[in-house]
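Working notes for the structure below.
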Amino acid sequence: MNFRQSLARSLQFLGLMILPFGIVSELEGAVTLGVSMLIATLGGAIFYVGYLLQHRHAG
């Protein structure tokens, strides 16, 4: 596994960890719904960047 693939998988994992954090924070009342959606969107965006990095063809 090369560096790009490791970075991509790490970003995907990080995105998957951020997503439920935003949801749980809202359920506990720590943040508002808007902030929760922003956190979840950030997690989804990080996951997507990792996905694109992993599936990009070199060359």
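Please treat every number below as a calculation from the coordinates, not as lab data. Note that this is a predicted model, so its numbers are computed, not measured. Methodologically, a virtual Cβ is constructed for each residue, glycine included, from the backbone with ideal geometry; neighbour enumeration extends over all protein chains shown.
Residues are listed down the side, and each one gets a yes or a no for (1) part of a helix (DSSP H, G or I); (2) of a type in the set (A, V, I, L, M):
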residue	(1), (2)
SER6	yes, no
SER10	yes, no
GLY15	yes, no
ILE23	yes, yes
GLY29	no, no
MET37	yes, yes
THR41	yes, no
TYR51	yes, no
GLN54	yes, no
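Selection over segment 4-59 of residues that are of a type outside the set (A, V, I, L, M, F, W, C) and surrounded by 14 or more Cβ atoms within 10 Å (Cβ to Cβ) gives a count of 12. Can you pull out the residues in segment 13-32 that are more than 15 Å from VAL49 (Cβ to Cβ) and not small (Gly, Ala, Ser)? PRO20, PHE21, ILE23, VAL24, GLU26, LEU27, GLU28, VAL31, THR32, listed by residue number. Filtering segment 1-38 to residues that are touching a residue at least 12 places away in the same chain (Cβ under 8 Å) and small (Gly, Ala, Ser) leaves ALA8, SER10, GLY15, GLY22, SER25, SER36.
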